[in-house]
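The values are calculated or read from the model by the stated rules, or taken from the named source; none is laboratory data. What you see is a predicted model, and the numbers here were worked out from it, not measured in a lab. Backbone-built Cβ (ideal geometry, glycine too); neighbour counts: all protein chains shown.
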Amino acid sequence: MADLKISQLTPVTTPLGGTEVLPIVQSGSTKKVTVTEMIAAQLAANIVTEAGTTRTLSASDNQKIIYCTSGSAVTITCAAGLGAGFNVTIIQGGAGKVTVAAGGQTLVSYSSLFSTMGQYAVISLICPVANTFVAAGNLGV
């Protein structure tokens, strides 16, 4: 392979197959990784297990999946200061129903419901404008 600048390389043909090898720098050494390995590592890093019964969302939760494993009821509270574009997915992995609370912010849903319907129910929270959250998904009473 000739020495080329990245800007001089030919664009890839999509879709990628996942077996393509890319160079990365890890701990100061150049190593190889496949596209599939890179995607899997990123997805795994985005899953956060919540074993407790309360959690207040923070900027570090953006684009994460919060997997709630408690056998008791869980409350996830929306926090101030989370900007437009903030989004998080919440899964009720345990027996405890998960409820999203406004926490002083604006919280809305199509059905005006804010709790999971049961185990393995999924809620998406999207912040279209700062401090306003829209809940969607498997919402029940």
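If a residue has to be more than 15 Å from the chain's Cα centre (by Cα), of a type in the set (S, T, N, Q) and farther than 17 Å from Pro128 by Cα to count, how many in region 78-111 make the cut?
Within region 78-111, residues that are more than 15 Å from the chain's Cα centre (by Cα), of a type in the set (S, T, N, Q) and farther than 17 Å from Pro128 by Cα number 2.
Would a scan of region 84-93 turn up a residue that is within 15 Å of Leu139 (Cα to Cα), in contact with a strand residue (DSSP E or B) (Cβ under 7 Å, 6 or more places away or on another chain) and not in a strand (DSSP E or B)?
Yes, that holds for at least one residue.
Restricting region 123-141 to residues that are closer than 16 Å to Ala101 by Cβ and among the hydrophobic types (A, V, I, L, M, F, W, C), which is modelled with the lowest pLDDT?
Looking at residues that are closer than 16 Å to Ala101 by Cβ and among the hydrophobic types (A, V, I, L, M, F, W, C), I get Val141.
Based on what the data block shows, is Thr116 more than 30 Å from Gly17 (Cβ to Cβ), buried (at least 18 other Cβ atoms within 10 Å of the Cβ) and in contact (Cβ under 8 Å) with a residue 12 or more places away in the chain?
Here the answer is yes, as Thr116 does meet what is asked.
Only one residue in Val134, Val108 is surrounded by fewer than 15 Cβ atoms within 10 Å (Cβ to Cβ) and not in a loop (DSSP other than H, G, I, E, B). Which one? Show your work before the answer.
Values: Val134 fails: surrounded by fewer than 15 Cβ atoms within 10 Å (Cβ to Cβ).
Criteria check complete, one pass: Val108.
Can you tell me which of Gln63, Gln8 is free of Cβ contacts under 8 Å to residues at least 12 places away in the same chain and either in the same structural domain as Ala135 (by TED's automatic domain parsing) or not charged (D, E, K, R) (or both)? Talk me through it step by step, then tell me what you get.
Details: Gln63 fails: free of Cβ contacts under 8 Å to residues at least 12 places away in the same chain.
Exactly one of Gln63, Gln8 is free of Cβ contacts under 8 Å to residues at least 12 places away in the same chain and either in the same structural domain as Ala135 (by TED's automatic domain parsing) or not charged (D, E, K, R) (or both), namely Gln8.
Kindly evaluate Ala80 against the criterion of being of a type in the set (Gly, Ala, Ser), without any contact (Cβ under 8 Å) to a residue 12 or more places away in the chain and part of a loop (DSSP other than H, G, I, E, B). Let's see the steps before the verdict.
Details: of a type in the set (Gly, Ala, Ser): yes; without any contact (Cβ under 8 Å) to a residue 12 or more places away in the chain: no; part of a loop (DSSP other than H, G, I, E, B): yes.
Spelling it out, it is not the case that Ala80 is of a type in the set (Gly, Ala, Ser), without any contact (Cβ under 8 Å) to a residue 12 or more places away in the chain and part of a loop (DSSP other than H, G, I, E, B).
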